[in-house]
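The numbers here are math on the coordinates, done by the rules we state, and not lab data. Bear in mind the structure is a predicted one, so any value in this text is a computation, not a measurement. Cβ placement follows ideal geometry from the backbone for every residue including glycine, while neighbour counts extend to all protein chains displayed.
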Amino acid sequence: MMKNPVAHLFALSLLVLSACSNPSSMKTGSLDKLTYPQTHKGNQVDDYFGTKVADPYRWLENDTAREVKNWVAEQNKVTNAFLDQIDYRAKIKDRLTKLMNFPRYSSPQKAGEYYFYSRNDGLQNQAVIFFQKGLTAGPKVFLDPNTMSADGTAAVALVSFSHDKKYVTYSVNQSGSDWQNMYVMEVASQKKQVDELKWVKFGGASWCGDGFYYSRYDAPKPGKEFSNSNEFQKIYFHKLGDAQEKDVLIYACKEAKQYVGSQVTEDERYLLLYISAGTEGTEMMYKDLHSKQKDFNMLFPGFEHDYMVLDNNDDKFIVETNNGAANKRILEVDTKHPEPAAWKELVPEQPELISSSATAGGKLFVNYLKDVTTHVYQFDLSGKKEHEIMLPALGTADGFSGYRDDKTIFYSFTSFTYPSSIYQYDIASGVSTLWHRAEVQFKPGEYETRQVFYPSKDGTKIPLFLVYKKGIKLDGTNPTLLYGYGGFNISLSPWFSTSNIVLMENGGVYAVANIRGGNEYGEKWHKGGNLLNKQNVFDDFIAAGEYLIKEKYTSSEKLAIEGGSNGGLLVGACMTQRPELFKVAFPEVGVLDMLRFHKFTVGWGWVVEYGSSDSSAYFDYLYKYSPLHNIKEIAYPATLVMTADHDDRVVPAHSFKFIATLQEKNKGVLPVLIRIESKAGHGAGKPVSKIIEEQSDKWAFMFYNMGVKPIY
């Protein structure tokens, strides 16, 4: 059960791939028979503090215009024709289909007498939500999103349960958009209630009594649902059974560019509001619902630090924060004496980062990240450490959250060669029991994972995970996919991807660089790669490529780079700064126009990470590395830009303008193409069928342009 009411809004949401195969004499992709669509140029020029910047493809920002839709169709036609010529593309798809065809479970969540979890039998487009009485009764379908759309593009998630566990709020997202509708279901009868809440984005539902608090925006202008800036988020209280028009406004952001989220403590005594001016830094207020208090009390003012209330003991809050602790610490804050001098430290800062924390069963669970792998400890609520929870191996564990009366909780564990498995944990004894092990058609013992540390340009040591089949030769011929993200406090700890098996069983190397900008080593690591330090992120990633070549894992002729979202910016910047270093590039749903990102949907929330071209202090720096504005008339790697028509987080205009400019200026012989998915968004909720098609296309594109013939 997730208790965090304010998620980072730019989280990595793409299913990550890998790449590779055995070298062959096969011809690489060329432009001999490739003709790009004609993209007309406008005369738009902007003046930034005396610097004139041309933006000839500005018209591509109007995603609903007929001429843009026609351009999209023409680009996809050229891309599909190129991919169609690759004879083993269908065989890769067959292999991925077989690999994906195994049952996948989420960790069960207890709510009253029922347990809820999701299960995908293998090739279902969306996981089905099941529930059962106790742990021994047979499961029943609770919600099946596959019945909500003909093409599997509706995604469903349980949001929160009422205090008595009689009702549950659930959300439905269509076609990958961040917009969601929320509904209410009576649990025991599975009877859908009349409630329907629209224009919800980045907001949960916090139950209290006969209703719940939730975040929403005003309805956007028709035709601009996926591009207009989302502003003035509000908190409403919705009473069960009422029409949305009757909802009571509780709080409206005072500034257009702010987020607000709500949380009700488990005892339903306090309503908490979290306000943020971006993807980091929270201000927190609270109201005692048991009193006649009308206004909110400020508990943590300003946006300099992050705060999250894990639980409360009467009028004392248990709080996770990075205030006074770059690696975070856990405090007890008394509402009667909220001044910092009165804060009681329960869990002090450690050399290792607290990556997450939560309470369950009267205990405190703290997840530390040590060299990018998970270590979990159980504490009592006074901060006394009781023991470490022993995990199966080095990897990533997630979960360890629940209600106060829970006796057992569930958590998942995964690593690069360890498919996600679910464990039941007995809080009293500290014993973990396997609840479900994923069975994938591969042999983990045939593969190995190494972690090395390489020097970046300024000498900083950067962790790098390397995953490959045992016994490969380090002769510089191994096709390699280097993946990275580098931003927004997001850590890339080990995870399992069935798609990476395609790379590794063909003799390739999958590499993950834990570059600065992320949260692998706390706030210092993050700050080392954001704002005016962003170039460190690109230097770290470029140095990873140089290390792989130097150590003969691969060569420039067999090295591909991939990243999504902020990672798409990473790939775009690196391929424009060092095009000769890479053979293939996959910038996916990327932030590629650094001068205008803040003008669409929730892009303004990323100014705390990047800075803004509206400020003379940041314009020059952004302009210097913005991928769109640094494409020159030189040769570039084979490039497959990835985006989707319903991406309302990083709008597809970034990718449209980037590829139009790249096709105009590229002087090389390798293809530079764009793949624009329909009825899909930033990545979350993408149907399995679309995932298989997308990843098959990427492997085929990579192998073909590297002159690699897979074993299938």
(message) If you take every DSSP beta bridge fully contained in the chain, what fraction is antiparallel? Give it as a percent rounded to 5.
(response) 85
(request) Using Cα pairs closer than 8 Å and at least 6 residues apart in sequence, work out the relative contact order for the chain, in percent. (result) 16
(request) For the pairs K470/K709; K234/K363; K69/K657; K470/K558, note any where the Cα-Cα span goes beyond 25 Å. (result) K234/K363
(message) So the label point goes 7 Å from the Cα of F232 along Cα→C-beta, right? Which residues of the range 208-223 then have their backbone N under 11 Å from it?
(response) 218-219
(request) May I ask you to evaluate 6.51 cos²θ - 1.76 cosθ + 1.60, the Karplus curve with θ = phi - 60°, for each residue of the range 492-508 and list the ³J(HN,Hα) values in order in whole Hz, giving x for glycine and proline? (result) 9, 7, x, 9, 9, 10, 4, 4, 5, 4, 4, 5, 6, 6, 9, x, x
(message) Check which residues have an amide H placed less than 5 Å from Q193's amide H, if you skip close sequence neighbours.
(response) V184, M185, E186
(request) Can you find, among G281, T64, F303, the residue farthest towards the positive end of the dipole of the chain? Put +1 on the C-beta of Lys and Arg, -1 on that of Asp and Glu. (result) T64
(message) Using the Cα centre of the range 152-260 as the reference point, and only Cβ charges (+1 on K/R, -1 on D/E), how large is the resulting charge dipole? Debye, rounded to the nearest 20.
(response) 100
(request) Divide by every residue of the chain the summed helix terms, -39500 (n - 2.57) for each DSSP H run of at least 4, and state the resulting mean residue ellipticity at 222 nm, rounded to the nearest 500 deg cm²/dmol. (result) -5000 deg cm²/dmol
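Taking the Cβ of K224 as the center, what net charge do the other residues with Cβ under 13 Å away carry, scoring Lys and Arg +1 and Asp and Glu -1?
Taking every Cβ under 13 Å from that of K224, the sum is -4.
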(request) Would you order C208, C574 from fewest to most other beta-carbon atoms within 10 Å of each residue's own beta-carbon? (result) C208, C574
(request) Could you pull out the pairs from K316/K370; K133/K239; K469/K552 whose alpha carbons sit more than 22 Å apart here? (result) K316/K370; K133/K239
(request) Mind running the shape call on the range 114-227? Use the C-alpha gyration tensor, a ≥ b ≥ c as the square roots of the eigenvalues: rounded below 1.5 for a/c, prolate if a/b tops b/c, oblate otherwise. (result) oblate
(message) Which of the three applies to the range 625-712, rounded, prolate or oblate, going by the alpha-carbon gyration tensor with a ≥ b ≥ c and a/c under 1.5 meaning rounded?
(response) oblate
(request) For the range 555-636, calculate the relative contact order in percent as a whole number, restricting contacts to Cα pairs under 8 Å that are 6 or more residues apart. (result) 30
(message) Could you work out the relative contact order of the range 411-471? I mean the mean sequence separation of Cα pairs under 8 Å and 6+ apart, divided by the number of residues, in percent.
(response) 24
(request) Consider the candidate values (i) 0.98; (ii) 1.02; (iii) 0.95; state which one is Rg/Rh (Cα atoms, Kirkwood Rh) computed from the structure displayed. (result) (iii)
(message) If the only charges are +1 at each Lys and Arg Cβ and -1 at each Asp and Glu Cβ, what is the size of the charge dipole of the range 350-439 around the Cα centre, to the nearest 20 debye?
(response) 100
